[in-house]
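Here the structure comes first, spelled out in structure tokens, and everything after it is commentary.
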Amino acid sequence: SAAAATCNPGIMPLLDYVKDYSEEQAYFKDAREGDFVIEVTGESMLPWYPEGTLLLVRPYQQLSNGKRVVAVLDDGEIVFKVYAANKDKICLFSINGAGKDFIFDRDNVKIRYICTVIASQKNEARLDTEMRRAGITHGWQKKLNNL
């Protein structure tokens, strides 16, 4: 589960953990070998991703500002956030203004690795449209600009 899950990636990388200890499977038509599914916990991505939403996650993808990602922090915490970066900072922002944001100096990034969210149980294209209509899509951009 994202947000509340922890693992020790130094002992067992997340991808190996998922492969060895999966209890359930979920179908996603866009899934490929190496992808995995994470269940959202917590409220940092409300209202767009309520607790229990399943995310199809793909490691080793090109990152760009605004991408939804699942990251494993150095302390083992797994978080679901929006990725954003500028020349000085790498950020993991919550969609929900009350959620915790993670902001790192480029020379001190405390992230073990980041996986891109490929799909969810929601129609991602429609979700992006609804977020734009609600003025939320670029909330991360405002935060990044204020750094």
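Every number here is computed from the coordinates shown, using simple stated rules; none is lab data. This is a predicted model, so every value here is computed, not measured.
Quick notes on this structure:
- Semi-axes of the equivalent ellipsoid for the stretch 37-116, Cα gyration tensor, largest first, Å: 20, 14, 12
- Entries of K29/K81; K100/K122; K87/K142; K89/K143 with Cα pairs more than 19 Å apart: K29/K81; K100/K122
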